[in-house]
1. Considering only the range 46-91, how many residues are more than 17 Å from Leu36 (Cα to Cα) and β-branched (Val, Ile, Thr)?
2. Condition (residue is over 18 Å from Ala38 (Cβ atoms) and in a loop (DSSP other than H, G, I, E, B)) applied to the range 107-114: is it met by at least one residue?
3. Out of (1) modelled with pLDDT under 95; (2) open to solvent by less than 90 Å² (accessible area, probe 1.4 Å), the odd one out for Thr141 is which?
4. So which residues in the range 144-154 are open to solvent by less than 60 Å² (accessible area, probe 1.4 Å) and of a type outside the set (Val, Ile, Thr)?
5. Looking only at the range 142-169, which residues are polar (S, T, N, Q) and touching a strand residue (DSSP E or B) at 6+ places or on another chain (Cβ under 6 Å)?
6. Where residues in the range 69-114 are away from the ligand (no atom under 11 Å from the Cβ) and polar (S, T, N, Q), which of them is farthest from Phe14 (Cα to Cα)?
7. Filter the range 115-126 for residues that are part of a loop (DSSP other than H, G, I, E, B) and surrounded by 13 or more Cβ atoms within 10 Å (Cβ to Cβ); which is nearest to the ligand (Cβ to nearest atom)?
8. Would you please name the residue that is farthest from Ile98 (Cα to Cα), looking only at residues in the range 127-138 that are surrounded by 20 or more Cβ atoms within 10 Å (Cβ to Cβ) and near the ligand (Cβ under 6 Å from one of its atoms)?
Amino acid sequence: MKRIVILRLGHRVFRDKRITTHVGLTARALGAEGMLLASDDPSIKQNIEDVATRWGGNFYVVNDVNWKQEIRKWKEEGGKVCHLSMYGINLPDAVAEIRQCEKLMLVVGAEKVPSEIYDLADWNIAVGNQPHSEVAAVAITLDRIALSDPLQQCLSGGKLSIIPTERGKKVIERQ
Ligand code: SAM
């Protein structure tokens, strides 16, 4: 997999701030290049990009996108679209096929997603056919479809980095 972006649908500014931020942070930590937010909430972009500045990598957030246009553009440019939904095909049954994709958009909802998305997507994929969380769905999917372990990736260029330690906290700060 070369490129992965998240498309976040249905974010409600008051209710979903924390979970949408966690979707973005999780996607960043597990190898996605950015998140497209199909709602107007500039604070999400600000918070996640601040983390990226401090902790490294080039993760971006695009605020207030038109989701249909983004899907159309992505597909015109040769990308595939994977909608995460508990009603879809269970991830283990599709992972080999998805892994071959060079350019993948992962779509996650908040409130009920527009029904059109089920037809626009190349895959409707369940991370187990039980309801849970978009954060968990993104994390497990990124881990399962990765060609190399996303927990071993290095996000460089940040002001802070962690020296893993058995106890306590070791952080290097660059000027
Ligand atoms: N309350 C909403 C509703 O009534 O439709 C559903 C909320 S659900 C927590 C939000 C998003 O999490 C879904 O749109 C989907 O992207 C993701 N999600 C939840 N469970 C999932 C599962 N088992 N597999 C894949 N995605 C899942």
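The values are calculated or read from the model by the stated rules, or taken from the named source; none is laboratory data. No experiment lies behind these values; they were computed from the predicted model shown. Methodologically, a virtual Cβ is constructed for each residue, glycine included, from the backbone with ideal geometry; neighbour enumeration extends over all protein chains shown. In case anyone asks, the SASA skips ligands and DNA or RNA and just uses the protein heavy atoms, side chains included. Shrake-Rupley method; radii C 1.70, N 1.55, O 1.52, S 1.80 Å.
1. Qualifying residue count, the range 46-91: 2.
2. There is no residue in the range 107-114 that is over 18 Å from Ala38 (Cβ atoms) and in a loop (DSSP other than H, G, I, E, B).
3. The failed condition is (1).
4. Ala146, Pro150
5. Looking only at the range 142-169, we keep the residues that are polar (S, T, N, Q), and these are 148, 152-153, 156, 161, 165.
The one that is polar (S, T, N, Q) and touching a strand residue (DSSP E or B) at 6+ places or on another chain (Cβ under 6 Å): Ser161.
6. Looking at residues that are away from the ligand (no atom under 11 Å from the Cβ) and polar (S, T, N, Q), I get Gln100.
7. Ala121
8. Here the residue is Glu134.
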